Amino acid sequence: MKLLDAVDSLKIWRRGDQRAPHKPLLLLYALAKELKYSETKFEFSKIEDDLNELLNEFWKPRNDRHSVENPFWRLQTDKIWRVDYDWKLEKKNPDNISASWLRKQNAVGTFSPEISQEIKDNPDVARQAAQKLLDAHFSESLHQSILESTGLFYTGTFSNSKKSSKKARRDPKFRENVLHTYSYRCAICGFSLHMKTMPVGLEAAHIKWHQSGGPDTEDNGLALCATHHRLFDSGVMTLSQDYRIILSKWAYDPRDESNFIDMHQKRILKLPRNKRHLPKMDYINWHRKEVFKEPEIYL
């Protein structure tokens, strides 16, 4: 199977609109190494910590732990990956593979020979596959951070061509509608700057991500400066039911020189005048459940 076809047909665990970026993050990590070294062998015991760090940064665990063994093992079903190990499975249920079992078996993951050769012959196909994974599973404000964290940032010019990804169609008026709704001010800090007549440094953020079915409507949008958009999509902050800013206890300024903590529990600066455009509770609840890095700060 070709790499881009495999990425398009990637089997992702689904339950409602819950996020499951395990396979995409493992693939992005592996693509970076394959581009750099070619025919890379990924020993589970050696990459386990790296995968945990990626999931900690770009996802939130369920039941307080990451199941890094699941994408490592289950990616085989997508005909893109193979796992070799010391002993045969015998009667062990493949649905109950554990991290300790993979370590004990000295499990090693690799791209299939066909995929590895394809990347070797045409490195840009790996970058196109990475763009597809980013577009399908992560908010755009996080793309550069994910590239840097996985190492793809350092592999050369990253392809961002339109042909590399089939993005879900978005309403081109979404940004303008949301910025207008919030009077061209960041809802968190009030930032507002124009270059002649054009607003700059101000973005329209989806509360429920577009990748997870969030609509391009004003009640699913917030006008945020670039910094607060990134923090919102990273799970550093979320909104309460009464539109107050909630901060994660895991975020802090080690210099203790900012007023970041002071934002906690403060009402956002600007709410839409049209009540139909107020952030919808369903979308806020999704963000809190799927993106926000709980627990919140208790002062």
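Tabulated results
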| quantity | calculated |
| --- | --- |
| Selection status of LEU35, within 23 Å of SER139 (Cα to Cα) and surrounded by 13 or more Cβ atoms within 10 Å (Cβ to Cβ) | no |
| Subset of segment 38-65 (residues that are surrounded by 14 or more Cβ atoms within 10 Å (Cβ to Cβ), touching a strand residue (DSSP E or B) at 6+ places or on another chain (Cβ under 8 Å) and assigned to a loop (DSSP other than H, G, I, E, B)) | THR40 |
| Residue satisfying all of: in segment 246-261; at pLDDT 75 or above and either touching a Phe, Trp or Tyr at 6+ places or on another chain (Cβ under 6 Å) or small (Gly, Ala, Ser) (or both); nearest to ILE284 (Cα to Cα) among these | SER248 |
| Residue list for segment 267-295, filter: surrounded by 13 or more Cβ atoms within 10 Å (Cβ to Cβ), at pLDDT below 90 and in contact with a strand residue (DSSP E or B) (Cβ under 8 Å, 6 or more places away or on another chain) | LYS270, GLU294 |
| Enumeration of residues in segment 212-236 that are over 17 Å from ASN285 (Cβ atoms) and not in a loop (DSSP other than H, G, I, E, B) | GLU218, ALA223, LEU224, CYS225, ALA226, THR227, HIS228, HIS229, ARG230, LEU231 |
| Qualifying position, being part of a loop (DSSP other than H, G, I, E, B) and in the same structural domain as ILE188 (by TED's automatic domain parsing), among LEU247, LEU271 | LEU271 |
| Filter result for LYS60 (touching a residue at least 40 places away in the same chain (Cβ under 8 Å) and either of a type outside the set (A, V, I, L, M, F, W, C) or not assigned by TED's automatic domain parsing to the domain that holds VAL7 (or both)) | yes |
| Subset of segment 68-86 that is crowded, with 18+ Cβ neighbours inside 10 Å and in a loop (DSSP other than H, G, I, E, B) - its residue that is modelled with the lowest pLDDT | VAL68 |
| Residue ID - surrounded by the most Cβ atoms within 10 Å (Cβ to Cβ), chosen from residues in segment 247-266 that are touching a residue at least 24 places away in the same chain (Cβ under 8 Å) and in contact with a helix residue (DSSP H, G or I) (Cβ under 8 Å, 6 or more places away or on another chain) | LEU247 |
| Residues (of a type in the set (S, T, N, Q) and surrounded by fewer than 22 Cβ atoms within 10 Å (Cβ to Cβ)) located in segment 225-241 | THR227, SER234, SER240, GLN241 |
| Scope segment 187-210; condition in contact (Cβ under 8 Å) with a residue 40 or more places away in the chain and in contact with a Cys (Cβ under 7 Å, 6 or more places away or on another chain); matching residues | CYS189 |
| Unmet requirement for GLU203, which otherwise passes all of (1) farther than 13 Å from TRP286 by Cα; (2) assigned to a helix (DSSP H, G or I); (3) not aliphatic (A, V, I, L, M) | (2) |
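Residues are listed down the side, and each one gets a yes or a no for (1) at pLDDT below 90; (2) over 16 Å from MET1 (Cβ atoms); (3) of a type outside the set (Gly, Ala, Ser); (4) touching a Leu at 6+ places or on another chain (Cβ under 9 Å):
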| position | (1), (2), (3), (4) |
| --- | --- |
| GLU90 | yes, yes, yes, no |
| PRO94 | yes, yes, yes, no |
| ALA107 | no, yes, no, no |
| VAL125 | no, no, yes, yes |
| GLN131 | no, yes, yes, no |
| THR157 | yes, yes, yes, no |
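The values are calculated or read from the model by the stated rules, or taken from the named source; none is laboratory data. On a predicted model such as this, the values are computed, not experimentally measured, just so you know. Reconstructed Cβ throughout: ideal geometry from the backbone, glycine too, with neighbour counts over all protein chains shown.
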